[in-house]
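Accompanying notes for the structure given below.
Values quoted throughout were computed directly from the atomic coordinates according to the rules given, and no laboratory measurement underlies them. The model shown is predicted, which means the values in this text are computed figures rather than measured ones. Positions of Cβ are generated from backbone atoms using ideal geometry, with glycine treated the same way; all protein chains shown enter the neighbour counts.
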Amino acid sequence: MDNGVAVANRKKLLDRPATDRMKMLGFHWPYPGLGFAERKGTGYQYVPAA
């Protein structure tokens with residue numbers, strides 16, 4: 001396990017959907033499990049689809 005690589009990969013996985021406002025699906029996310037990633041400070045937050 002390489003923490004630096006893990007952090008870099010998570011940022012890459014969330015940056016594109018946040019930039020392009022792509023819908024994301026996660027079965028372990030709060031209902032409805034379909035939403036968007038938005039930048040918040042130095043990280044990201046899940047925003048449920050309306």
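Worth a mention:
- For the stretch 3-48, the alpha carbon convex hull comes to 75 Å³ per residue, rounded to a whole number.
- Modelled FRET efficiency - R0 22 Å, Thr42 with Met1, Cβ distances, 0.05 increments: 0.50
- Given charges at beta-carbon only (K, R positive; D, E negative), |dipole| of the chain in Debye: 100
- Local electrostatic count at Leu14 - Lys and Arg +1, Asp and Glu -1, tallied over other residues with Cβ under 13 Å: +4
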